[in-house]
Amino acid sequence: MSQAVSINHQDEIAVISINNPPVNALSQAVRSGLVKCVSAAVAEQSIRAIVLICTGRTFIAGADISEFGKPPLTPYLPDVLATLEGCPKPIIAAIHGTALGGGLETALACHYRLALNGSRVGLPEVNLGLIPGAGGTQRLPRIAGLENALDMITSGRHVKAEEALEMGVVDELSSENDLLKIAIEFARKILTRDKTWPRSSEIKLEDSSVNQGVLKNWKTRVSKKARGQESPLAAMESIKNAIQLSFAEGLKKERELFLTCMASPQSKALRHIFFAERAAAKLPESVANTPIEIRTTAIIGGGTMGRGIAMCFANQNIPVKVIETDQEKLDQALNAIEKTYAKMVTSGRLSEDQRQQRLTKISGSCNHASLAQVDLVIEAAFENLEVKHSIFRSLDQHCRPDAILATNTSYLDIEAIASAVREPSRVVGMHFFSPAHIMKLLEVVRIPQTSATTISTMMKLGKQLGKRTVLVGNGFGFAANRMYSAYGREGQQMLLEGVTPIQLDQAMKNWGMAMGPTAVLDMSGIDIGYNARKQNPNPPDDPCYFRPANLLAERGYLGRKTGRGFYRYDPETGLASEDLEICALIREEALKLGVKQRDLSENEIQQRMIKAIATEGETIMSEGLATRTSDLDVIWVNGYGFPRWRGGPMHFSQSIDR
Ligand code: 3HC
């Protein structure tokens, strides 16, 4: 028998256990082991039922993604699952952790499903540019109904066990800890209760006008939401087959669609980013060390960033103190946090209990003496070196000598900030993105003096806060803002060449970016970048450098907050419209600068913008400011709305260069 799958008997019940760390993925060894163990259980006459259970932290989390893109190995998963469903003895899937993708498909091919409270199930294949390829699109609609299947498969969302029970995906839930014991009891119960075992492939789905209507509505919804991503639509096509074709035909077509998706550039890009995100969390050996535990934190500054960062900690149950310079500012900050949580309750994103729990984690003070016992301080004050210096001098006096001192600067020199303290090995950058409690990206910025313990602690903390955390080096704008600046600069150059803000934004949105670059500037405030550029110790010697944005900032057209920026904003509705005066102003400036006016195609705009990012990324790598090229992709996908299905700017550029 394969080591990854084993079988033992508990009287008349066979227990098949999968043990394939870390997540019990369905590798070739697991697939072949499953077939062998089921055959052995069928052959053994004393066995009347089979429990399928997994060791370790989770039930099967899916097919083995590392096998994708390589020649497929037998036995194929759909055949394995046909063996399971066709087994004459009932099979009970005992689920804990997450049953995802091929893992849930395996459970759906079993005759019964039992789950521990707190476990989750899902078919997240669309997130890898795939569709479920082992019967998920055929079995789930039969078991959970068409609408639930469309929701789960096209979104890829993880569904809590309680909801899965309501949908009929799970037959029973248990809150006891001993899953094996409960599963064996369940097996004994069904042996006395049931004469035949439900087989999902035998359930009939009607090709009725009601179902047709449901499909039509979902197609409109999914097309709108997918925005360029192919797999959710391919999944819909396969789900449609579940009502129009026989199970066997539907399964055959599902496999064809699955293999087509697997070969697509989108799936390659999404698989790249899946592994890139996990790789980014791994530290190079030179800086890996045992992290210390962060039990209490303080944030200096209760402005927008400080509040958002404080919520990140409270959301993870870590006590956090907000420090302000006076009581009025502190009250403002704490009230704003309360309001944000209250809004989340109103919109249903948070329960009242959660809101209260989170608020108990947040306290405030106007006194640095209250920092004496905290493990970590994150300074989130103004972007001004003098201000930061004086704060760090005070931290040096008031904090424990081993407390970590972090700055949330976006571009200031962290070595210069660290010069204010006696022990710079505990100084590090923690660059959150706004709004900090929502944005996934976190840059941990190290300076040469930062100790391995400090770095390891911050990387672990980033994961604990639910962030995609990337380690970068110290340099103006670090990695993220520096690349974004190269992207912005190229856009600004094209505005001078005659592209309008609308054309530029539309081109990048059509390419898949969540927002266009000038709309982003208007939203965040044109003065932010303007002031940041002024702090650049080595600005480029180029009169065109961000000239349109600088021009607007100098005239007080700062974007949404002033009603005018690259666009004009309706004071009542906030709706943006083209501002022809601004277009003329930019053109006039371009003529003064001697920039030739011309028409640029959408394709040229897109290519130049992405090339600008990738070129800057290569420079960042050559300067040793990031660990892996793929870390830069993680930054873009999680920080700047870069389409995941394009894999990030570095992956995209490399794939077209090949
Ligand atoms: N195949 C291979 N390796 C996998 C994997 C998979 N399906 N899922 C996770 N891993 C690996 C990760 O790469 C990581 O490896 P590393 O430690 O060497 O970096 C390790 O398992 C742990 O993963 P995470 O760091 O993500 O651990 P978490 O505890 O944070 O999350 C998880 C666990 C929720 C299971 C998450 O890993 C996950 O979402 N995995 C992917 C699930 C998925 O997409 N399944 C569908 C696959 S496609 C499929 O099944 C096709 C079928 O229809 C035919």
Order these by the 10 Å Cβ neighbour count, fewest first: MET236, MET621.
MET621, MET236
Tell me which residues come under 5 Å, amide H to amide H, from LYS321 once H is placed; ignore anything under 5 positions away on its chain.
THR297, ALA298, ILE299, SER363
Over 31 Å between Cα atoms: which of LYS160/LYS361; LYS181/LYS204; LYS216/LYS561 fall into that group?
LYS181/LYS204; LYS216/LYS561
Where the centroid of each part is defined by its Cα atoms, how far is segment 387-463 from segment 195-251 in Å?
51
Inverse of mean 1/r across different Cα pairs in the chain, Kirkwood, Å:
27.6
The set of residues whose placed amide H lies less than 5 Å from the amide H of ILE95, leaving out same-chain residues fewer than 5 positions away, is LEU114, ALA115, LEU116
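Report the extension gain between ALA29 and LYS329 in nm, rounded to one decimal, defined as 0.36 nm multiplied by the number of residues separating them, less their alpha carbon distance.
101.9 nm
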What is the distance, in nm, between label points placed 7 Å from the Cα along the Cα-to-Cβ direction at ALA43 and at LEU180?
2.3
Along the charge dipole of the chain, pointing to its positive end and built from +1/-1 on Cβ of Lys, Arg, Asp and Glu, which listed residue (ALA584, SER27, ILE13) has its Cα farthest out?
ILE13
Karplus ³J(HN,Hα) for segment 312-321 (6.51 cos²θ - 1.76 cosθ + 1.60, θ = phi - 60°; Hz, whole; x = Gly/Pro) runs 3, 6, 4, 4, 9, 6, 9, x, 9, 10
Add +1 for every Lys or Arg and -1 for every Asp or Glu among the other residues with Cβ under 10 Å from the Cβ of PRO265, and state the total.
+1
Using alpha carbon centers only, segment 119-156 is separated from segment 355-373 by a whole-angstrom value of 43
Placing +1 on each Lys and Arg Cβ and -1 on each Asp and Glu Cβ in segment 530-658, then taking the dipole about the Cα centre, the residue among PHE546, TYR569, LEU600 whose Cα reaches farthest towards the positive end is TYR569
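List the pairs from LYS70/LYS252; LYS440/LYS463; LYS36/LYS195 whose alpha-carbon separation is above 18 Å, in the order I gave them. The partial results should precede the final answer.
Working: LYS70/LYS252 21 Å; LYS440/LYS463 10 Å; LYS36/LYS195 26 Å.
Over 18 Å Cα-Cα: LYS70/LYS252; LYS36/LYS195.
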Estimated distance in nm for a label pair at GLU249 and ALA263, the labels positioned 7 Å out from Cα along Cα-to-Cβ:
2.4
Which listed residue (SER175, PHE186, VAL121) has the Cα farthest towards the positive end of the charge dipole for segment 120-195, taking +1 on Lys and Arg C-beta and -1 on Asp and Glu C-beta about the Cα centre?
PHE186
Tell me, what ³J(HN,Hα) does each residue in segment 562-578 have, in order and in whole Hz, if you take phi through Karplus 6.51 cos²θ - 1.76 cosθ + 1.60 with θ = phi - 60° and put x for Gly and Pro?
10, x, 8, x, 6, 10, 9, 10, 5, x, 7, 9, x, 5, 8, 9, 5
With 0.36 nm assigned to each residue of separation and the Cα-Cα distance removed, LEU385 to GLN3 gains 131.6 nm
Give me the distance in nm between label points sitting 7 Å out from Cα along the Cα-to-Cβ direction at LYS343 and MET515, one decimal.
1.4
For a quick check: with amide H placed at 1.01 Å from N, whose amide H comes under 5 Å from GLU379's, ignoring anything fewer than 5 positions away on the same chain?
ILE300, ALA406, THR407, ASN408
So what are the ³J(HN,Hα) numbers for segment 421-435, from phi and the Karplus equation (6.51, -1.76, 1.60; θ = phi - 60°), rounded to whole Hz, Gly and Pro as x?
10, 6, 10, x, 5, 9, 9, 8, x, 10, 9, 7, 10, 8, x
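Coordinate-derived values only; no laboratory data. A quick note: this is a predicted structure, and the numbers were derived from the prediction, not measured. Please note: Cβ atoms are built from the backbone with ideal geometry, for glycine as well, and neighbour counts cover all protein chains shown.
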